[in-house]
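Q: Please see the structure below; I have some questions.
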Amino acid sequence: MRRNIITAILYTLVTTIIFGVAYPLLVTGAAQLLFKDKANGQLITENGTVVGSHLLGQSFSAPTYFHSRPSAAGNGYDAANSSGSNYAPTNQKLIDRVKGDAAAANADHPGTDVPVDLVTASGSGLDPDITPAAAEYQVARVAKERHISESAVHDLVAKHTQARQFGVLGEPRVNVLELNLDLDHTAPLVAAK
Amino acid sequence: MTANGWFQILLFFALVLVCAKPIGIYMARVFGREKTFADVIFRPLERVIYKLTGIDETHEMRWTEYAIAMLVFSLATLLVTYAIERLQYFLPLNPQHLAGVPADLAWNTAVSFTTNTNWQSYVPETTMSYLTQMLTLAYHNFFSAAVGMALAVALIRGIARRESKTLGNFWVDTTRASLWVLLPTCFIYALLLVSQGVVQNFRPYDQAKLVQPLTVTTTGADGKATTQTVTTQSIAQGPVASQEAIKMLGTNGGGFFNTNSAHPFENPTPFSNFLEMFSIFLIPAGLTVTLGRMTKAPAHGWAVFAAMAALFFVGVFVAYYAEAKPNPLLHSTAIHVDQHTTAAQPGGNMEGKEVRFGIANSALFATVTTDASCGAVNAMHDSFMPLGGLVPLVNIMLGEVIFGGVGAGLYGMLIFVVLAVFIAGLMVGRTPEYLGKKIESYDVKMAMLYTLIFPLSILGFSAVTLMMPNLGLSSLANGGPHGLSEILYAFTSATGNNGSAFGGLNANTHWYNLSLGVAMLIGRFLMVIPVLAIAGNLAKKKLVPPSPGTFPVHTPLFTVLLIGTILIVGALTFFPALSLGPVLEHLLLQAGKAY
């Protein structure tokens, strides 16, 4: 008994050094050496300023941008406070929120029903993607607001649509931040009137 | 449901099936102290550890000493974790200057990670420093898993040995599990995850300038609305990949971030998601082969595997079916939402799910993570449809024996095997035998103890919480039957050492932190002791040569009987509670009722 207690204490110390210190440091070293950008969060820099990450969504509500999904992370897309809504499918708050968002969205896009992902909060609250259906739904509005042709916007959407990984895994998706940044480059907004 | 969805599910299972044999044989060699290709690196390191810690690797332990060593080691690591959590403000690697963790939360978390549960009552990115995460939480991810494997191996030895008083050496089994199996796999796996975009750094949180500034209107307590403009996005970082790897491989499941494997920095791509699901099942599936090999009855190992596989497919089918259907409350003529499944969108119930994973991978992940005692999530279970959320709940209630936790799944399953053999013996009126060992009253009593402690904790704590409205009802996020499901899920997850949650429940209160902590301790340690007692008792027995009356444990008939035993025990125990929670919610939802 006494021998096992002493061993337990020493064993905790020795293995903490191997598994709690050496292992994460070795992985960090190798990761920074082999995949520096990916290990640091794939930050997007424009003119020397960090404007986001390829992996993290941001809130977009202006009509000139493609909108992202609703977010329950902090005030919306708070990447230091990830969260889902955790609303049950029978929660009245969920029904009311979707009803309000859907009515607002469909008012801008007459004659179509809003794709479900655009009015449901993601699990992380940081989902960088929308479905191709949700992007397609917004093309006409963005083209009109930016005063460019719908086909030009279609091309941009197509450019930022990722197919299933290796043709099989996951679902097709469109990265909203990348798409909107590209939109700003190809059809910049006229400076404030 | 789509053809591609099912193809992904089958691809996942095929890979598990193919890898089970090689990893299982490798583990049998590791625990049998036979030669392996990794000896060159790890044998010297192993010797150094034994020398520094005073372990005699030739010493054999009886089941009681094995249990004591396991308990004192768990206690030592638990105390270290508690101390570091409390003191993290004064320790390095805390770039966000996070304060010390409050006492009740620190206790809950220390218990949670020691017991391989990884229940999290806190938001990690605003609570735990980088040091706390890597030095204590990730450390526990390794060793709670290694201890689980050691316990499973001790039980296998109990079955395999004859007229022996001992089960092996706890320290040696734990060391070999962590060095030979977990460490090298995690190193490679962590780098694979980084290649997909899982972060691995010690940076302070980055500040990004938002492309479109965000206007936020908040209503204060006085009812006045205040408007503020948010112009930056604070981006949490950290040594994530190293922890993510062992979080999944060791079926721990405690997220580096609040939303776990839904967070893009923990699970950025469909491929990282595929790897994470695969790594949950890898060791538990392999251990069935280890069982077959160490007991020299490989066909028995596969018969156990088959029972697990059958139950897995039932779960994933129900979850996928339920989630792919539209929410009837959003399907009315007043709300125009397109929930159809097309080539351009997965449709279905997307609340709480990520676009890159869609419905199929969210349903599969939820099934896998609760079949095993992992508890990582890539979608919010609280937002699942009632029947979709029923699957994870039932999976845990069946004892997490469908592949199950690393080690814990196998020894849980072997308890059901003992019961199944006992029932078969009763049916034909002969003394039951299991792989040449007579199953006698002591063994069955211990197996029943194991089976009864589990529902007692789950239903007992849930009942207390419901009967005392001041204790925990204010923590509920959802009304109606779903509220009951939230409480039931919390105590099921804690006792089952799973760690996933219906996350709407605010569990960071004194009552939940304390009661869930006790439930986790019961679920791990009180349940392990009967297992070791059975192991010790079986090891002592003589081998009985098989006779025509022996019930064979490698046939499809045995697999069916085993499945039946698991389902009957689980259903009889939990059906009343489930019928008031998810089942009732399903019926009310179909009738168009919201809360």
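The values are calculated or read from the model by the stated rules, or taken from the named source; none is laboratory data. None of these values were measured; they are calculated from a predicted model. Note: ideal-geometry Cβ built from the backbone for every residue, glycine included; neighbour counts use all protein chains shown.
Q: Taking the stretch A:105-124, which residues are more than 7 Å from every other protein chain (Cβ to nearest Cβ) and over 18 Å from B:GLU351 (Cα atoms)?
A: If the condition is that a residue be more than 7 Å from every other protein chain (Cβ to nearest Cβ) and over 18 Å from B:GLU351 (Cα atoms), then A:ALA107, A:ASP108, A:HIS109, A:PRO110, A:GLY111, A:THR112 are the ones that fit.
Q: Would you mention how many residues in the stretch B:173-182 are within 12 Å of another protein chain (Cβ to nearest Cβ) and either touching a residue at least 60 places away in the same chain (Cβ under 8 Å) or not in a helix (DSSP H, G or I) (or both)?
A: Qualifying residue count, the stretch B:173-182: 5.
Condition check ((1) under 30 Å from B:MET61 (Cβ atoms); (2) facing chain B (nearest Cβ under 7 Å)) across all residues:
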residue	(1), (2)
A:ILE9	yes, yes
A:ILE17	yes, no
A:PRO24	no, yes
A:GLY29	no, no
A:ALA39	no, yes
A:VAL51	no, yes
A:HIS54	no, no
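Q: So B:ALA99 ticks every box in (1) surrounded by 22 or more Cβ atoms within 10 Å (Cβ to Cβ); (2) part of a loop (DSSP other than H, G, I, E, B) but one. Which box is left unticked?
A: With respect to (1) surrounded by 22 or more Cβ atoms within 10 Å (Cβ to Cβ); (2) part of a loop (DSSP other than H, G, I, E, B), B:ALA99 is out only on (1).
Q: Name the residues in the stretch B:211-263 that are among the polar types (S, T, N, Q), more than 8 Å from every other protein chain (Cβ to nearest Cβ) and surrounded by 24 or more Cβ atoms within 10 Å (Cβ to Cβ), would you?
A: B:THR251, B:ASN252, B:ASN260, B:SER261
Q: Collect the residues in the stretch B:338-390 that are more than 7 Å from chain A (Cβ to nearest Cβ) and more than 23 Å from the chain's Cα centre (by Cα), keeping them in residue-number order.
A: Correct list: B:HIS340, B:THR341, B:ALA343, B:GLY348.
Q: Being at pLDDT below 95 and either more than 14 Å from chain A (Cβ to nearest Cβ) or out of contact with any Leu (no Cβ under 8 Å at 6 or more places or on another chain) (or both): is that true of B:ALA501 here?
A: Yes: the conditions hold for B:ALA501.
Q: Here is a further query. Taking the condition over 27 Å from B:ALA408 (Cβ atoms) and among the β-branched types (Val, Ile, Thr), does B:THR559 pass?
A: Judged against the criteria, B:THR559 is not a match.
Q: When you check B:ILE522 against the structure, is it in the same structural domain as B:PHE461 (by TED's automatic domain parsing) and farther than 15 Å from B:THR492 by Cβ, yes or no?
A: When the stated conditions are applied, B:ILE522 does not pass them.
Q: For the stretch B:214-331, list the helices (runs of 4 or more DSSP H) that sit wholly inside it and hold at least 3 residues that are over 19 Å from the mean Cα position of the chain (by Cα); which are they?
A: B:270-294, B:298-324
Q: Looking at the stretch A:105-131 only, could you name the residues that are surrounded by 24 or more Cβ atoms within 10 Å (Cβ to Cβ), touching a strand residue (DSSP E or B) at 6+ places or on another chain (Cβ under 8 Å) and in contact (Cβ under 8 Å) with a residue 12 or more places away in the chain?
A: Correct list: A:VAL114, A:PRO115, A:ASP117, A:LEU118, A:VAL119, A:PRO128, A:ASP129, A:ILE130, A:THR131.
Q: Only one of (1) at negative phi; (2) among the polar types (S, T, N, Q); (3) surrounded by 18 or more Cβ atoms within 10 Å (Cβ to Cβ); (4) in a loop (DSSP other than H, G, I, E, B) fails for A:ASN4. Which number is that?
A: Condition not satisfied by A:ASN4: (4).
Q: Could you give every pair whose Cβ atoms fall below 8 Å, whose first residue belongs to the stretch B:1-22 and is within 14 Å of chain A (Cβ to nearest Cβ), and whose second residue is among the basic types (Lys, Arg) and surrounded by fewer than 17 Cβ atoms within 10 Å (Cβ to Cβ), counting only separations of at least 6 or pairs across chains?
A: Pairs found: B:ASN4/A:ARG164.
Q: Which residues, counting only those in the stretch B:90-135, are free of Cβ contacts under 8 Å to residues at least 12 places away in the same chain and over 21 Å from B:SER475 (Cα atoms)?
A: Hits for the stretch B:90-135 are B:PHE90, B:HIS97, B:ALA99.
Q: To continue, here is another question. Collect the residues in the stretch A:125-161 that are assigned to a loop (DSSP other than H, G, I, E, B) and within 14 Å of chain B (Cβ to nearest Cβ), keeping them in residue-number order.
A: Answer for the stretch A:125-161, where residues must be assigned to a loop (DSSP other than H, G, I, E, B) and within 14 Å of chain B (Cβ to nearest Cβ): A:GLY125, A:LEU126, A:ASP127, A:PRO128, A:THR131, A:HIS160.
Q: Assuming A:ALA79 fulfils every condition listed in (1) in contact with a Phe, Trp or Tyr (Cβ under 9 Å, 6 or more places away or on another chain); (2) not in a loop (DSSP other than H, G, I, E, B) apart from one, which condition is it?
A: A:ALA79 satisfies every listed condition except (2).
Q: Let me ask something else about it. Looking at the stretch B:539-562, can you tell me whether even one residue there is part of a helix (DSSP H, G or I), within 30 Å of B:LEU71 (Cβ to Cβ) and touching an Asp or Glu at 6+ places or on another chain (Cβ under 9 Å)?
A: Yes; the residues of the stretch B:539-562 include at least one that is part of a helix (DSSP H, G or I), within 30 Å of B:LEU71 (Cβ to Cβ) and touching an Asp or Glu at 6+ places or on another chain (Cβ under 9 Å).
Q: Here are A:ARG173, A:ARG146: which of them is farther than 20 Å from A:VAL116 by Cα and not polar (S, T, N, Q)?
A: A:ARG146
Q: Which count do you get for residues in the stretch A:27-50 that are surrounded by 14 or more Cβ atoms within 10 Å (Cβ to Cβ) and in a helix (DSSP H, G or I)?
A: Total meeting the criteria: 7.
Q: Here's something else I'd like to know. Could you tell me which residue of the stretch A:68-77 is farthest from the other protein chains (Cβ to nearest Cβ), considering only residues that are surrounded by 24 or more Cβ atoms within 10 Å (Cβ to Cβ) and touching a strand residue (DSSP E or B) at 6+ places or on another chain (Cβ under 9 Å)?
A: Going through the qualifying residues, I end up with A:SER68.
Q: Still on this structure, please answer the following. With B:ARG62, B:ARG86 as the choices, which residue is free of Cβ contacts under 8 Å to residues at least 60 places away in the same chain and surrounded by 15 or more Cβ atoms within 10 Å (Cβ to Cβ)?
A: B:ARG86
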